[in-house]
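Below is one structure; the comments refer to it alone.
The values are calculated or read from the model by the stated rules, or taken from the named source; none is laboratory data. What you are looking at is a predicted structure, and each value in this text was computed from that prediction instead of being measured. We place every Cβ from the backbone using ideal geometry, glycine too, and count neighbours over all the protein chains shown. In case anyone asks, the SASA skips ligands and DNA or RNA and just uses the protein heavy atoms, side chains included. Shrake-Rupley method; radii C 1.70, N 1.55, O 1.52, S 1.80 Å.
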Amino acid sequence: MSGTDWDEVQRETLEALGFAVWERVDPAPALPDDPLLDALLHAAGSRREDPGAAALYRAWQPLSRLRDPAAKRALWPQLRALRSRAAR
């Protein structure tokens, strides 16, 4: 059972008994070590350490496809929108 499976009463009871109730945290999926990915995340106002970085990576076309200049240009409007949201 992970910590999120306990209801509030169970958590309070365990803590009153001196037990620490831990939350299970799923590890972030590994992102490829690619300078293009870092540049795209930077252009989106993000970094690879940010929690949403993996979701951005999955939403984009494969990096091999984004090496094509036309595909990169098509991605720029989305990157600008993400960067403006991150700046707020």
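Tabulated results
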| item | result |
| --- | --- |
| Estimated FRET transfer efficiency (Glu8, Ser84; beta-carbon r; R0 41 Å; 0.05) | 0.55 |
| Per-residue HN-Hα couplings for the range 43-49 [Karplus 6.51, -1.76, 1.60; θ = phi - 60°; Hz; x = Gly/Pro] | 5, 8, x, 10, 9, 5, 7 |
| For the chain, size of Cβ-based charge dipole, Lys and Arg +1, Asp and Glu -1, in debye | 1000 |
| Shape category assigned to the range 29-87 from the gyration tensor of Cα positions, a/c cut at 1.5 | oblate |
| Most to least accessible of Ser64, Ser84, Ser46 (protein chains only, probe 1.4 Å) | Ser64, Ser84, Ser46 |
